[in-house]
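The values are calculated or read from the model by the stated rules, or taken from the named source; none is laboratory data. Worth saying up front: this structure is predicted, and the values here are computed from it rather than measured. Every residue, glycine as well, gets a Cβ built from its backbone with ideal geometry; the counts of neighbours run over all protein chains shown. Note: accessible area is taken over every heavy atom of the protein model, side chains too, but ligands, DNA and RNA are not part of it. Shrake-Rupley method; radii C 1.70, N 1.55, O 1.52, S 1.80 Å.
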Amino acid sequence: MNISFCLITHNEEDNLPRCLESLKGVAREIVVVDSVSTDGTVQIARAAGAAVFSEDWKGFVEQKNSAARKASNPWVFSIDADEELSPELRESLLRLAEGPEPAPGSGFLVSRCVFYDGRWIRHGDWYPDWVLRLFHRDHGRFTGGLVHERVAVDGPLVRLQGELRHYSFKDTQDHLARIERYAGLWAETQRAAGHTAGPVAPFLHATAKFLRGYLVRGGFLDGATGFKIARLTAYETFLKYSKLRKAWHP
């Protein structure tokens, strides 16, 4: 089971070295589809031995599917530049590669853990965040709208031990900027699908999101950081439904 690691990048020179370092000894191939970076991203990727392709931005789904199609191995692991394999996940992948090849339709889930405000977040809505990242390129592909893409496979799902470490945000301002961007993309996707939102939907969904993340899923166990995450996650939910409503009632 030879694994190709596939990335999409745009101006990721700060994150990329950490990601690529974690792939050493595990990746049989690294494929990078870069959307016209203006920093040192391409040079860093090539220095690490990656096959680099330059393509205009086509959206998360098509960009990631394009990277997977370029892999020379049938099994691909999709990883973002701001992520890295934990030592435990590396060992899981090495054991998998040394064993018998799984059924082609299988999909492998990894638990993603976010580093935020100087600590690892292990409660609330952000953890455990099981994401499907390892799959056979002929039996799985990315689907979804403009944001929150996911892999769909036609076989069984298997959870791997270890974590995918995620360095999501540089600071609070970066977090807020992404909230604004992703909320807009989500609203565009929902509107294109014919969905709408009533006048109280933003308030109801935001309140439910906060209560689930902070109380039901134990976000309070992360202290002040847990409260901050629950509050900002609720704000993002409020913004998503507000933008969706505004799209229908400008």
Notebook entry, point to check: Which helices (runs of 4 or more DSSP H) sit wholly inside the stretch 151-250 and have at least 1 residues that are buried (at least 19 other Cβ atoms within 10 Å of the Cβ), modelled with pLDDT of 95 or more and hydroxyl-bearing (S, T, Y)?
Noted result: 223-248
Next item on the list: Output the residues belonging to the stretch 127-150 that are open to solvent by 60 Å² or more (accessible area, probe 1.4 Å), hydrophobic (A, V, I, L, M, F, W, C) and more than 21 Å from L96 (Cα to Cα).
Entry: L146
Notebook entry, point to check: Taking the condition surrounded by 23 or more Cβ atoms within 10 Å (Cβ to Cβ), out of contact with any helix residue (DSSP H, G or I) (no Cβ under 7 Å at 6 or more places or on another chain) and either among the charged types (D, E, K, R) or at pLDDT 95 or above (or both), does C19 pass?
Noted result: yes
Note to self: Please determine whether any residue of the stretch 98-117 is farther than 18 Å from M1 by Cα, out of contact with any Asp or Glu (no Cβ under 7 Å at 6 or more places or on another chain) and open to solvent by 20 Å² or more (accessible area, probe 1.4 Å).
What the structure shows: yes
Next item on the list: State the number of residues belonging to the stretch 119-160 that are over 27 Å from V216 (Cα atoms) and in contact with a helix residue (DSSP H, G or I) (Cβ under 7 Å, 6 or more places away or on another chain).
Entry: 7
Checklist line | Among residues of the stretch 68-89, those that are farther than 10 Å from S4 by Cα and either of a type in the set (A, V, I, L, M, F, W, C) or open to solvent by 20 Å² or more (accessible area, probe 1.4 Å) (or both), counted | finding: 9
Check: Exactly one of (1) over 30 Å from S22 (Cβ atoms); (2) free of Cβ contacts under 8 Å to residues at least 24 places away in the same chain is unmet by T207. Its number?
Finding: (2)
Next item on the list: May I ask you to verify whether D138 is of a type outside the set (A, V, I, L, M) and assigned to a loop (DSSP other than H, G, I, E, B)?
Entry: yes
Next item on the list: List every residue pair whose Cβ atoms lie under 6 Å apart, where the two residues are 6 or more positions apart in sequence or sit on different chains, the first residue falls within the stretch 25-41 and is touching a residue at least 24 places away in the same chain (Cβ under 8 Å), and the second residue, located anywhere, is of a type in the set (D, E, K, R) and open to solvent by 20 Å² or more (accessible area, probe 1.4 Å).
Entry: V26/R90; V31/K70; V33/E55; D39/E13; G40/E13; T41/E12; T41/E13
Next item on the list: Please identify the pairs in which a residue from the stretch 112-129 that is under 15 Å from F169 (Cβ atoms) has its Cβ atom under 6 Å from the Cβ atom of a residue that is assigned to a helix (DSSP H, G or I) and open to solvent by 40 Å² or more (accessible area, probe 1.4 Å), counting only partners at least 6 apart or on another chain.
Entry: V114/W126
Check: If only one of S168, S106, S78 is under 29 Å from A230 (Cα atoms), of a type in the set (S, T, Y) and in contact with a Leu (Cβ under 9 Å, 6 or more places away or on another chain), which one is it?
Finding: S78
